[in-house]
Ligand code: FES
């Protein structure tokens, strides 16, 4: 297991550090955000987030490191993320 920390920049501009394989939902919670959920089996798309411009379904994906160890999470339009 690599013990390298990955920096995540969230839609609310908070920054947290996570590890490869961490869960998206609990990581978002630490940043004070809640990723919406629906089916939790990967079919409804409610939990979709954009990670470095690539859409991932949070319920069926773990956090994956990239070369820069920097992940920017964005959502185009989703009322659940407004505060
Ligand atoms: S909660 Fe339905 S795809 Fe993730």
(message) How large is the translational diffusion coefficient of the chain in µm² per second when you combine the Kirkwood radius over alpha carbon pairs with Stokes-Einstein at 25 °C and 0.890 mPa s?
(response) 191
(message) Which of 67, 14 has the fewest other C-beta atoms within 10 Å, and how do the rest follow up to the most?
(response) 67, 14
(message) What distance in nm separates the two pseudo spin-label positions at residue 50 and residue 23, each 7 Å out from Cα along the beta-carbon direction?
(response) 2.7
(request) Can you tell me how much longer the chain between residue 4 and residue 41 gets when fully stretched, taken as 0.36 nm per residue apart minus their C-alpha distance, in nm with one decimal? (result) 10.5 nm
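A short reminder: the numbers here are calculations on the coordinates, not readings from a lab. Note that the structure is a prediction, hence the values are computed from the model and not measured. With ideal geometry, Cβ positions are generated from the backbone for all residues, glycine too; neighbour counts draw on all protein chains shown.
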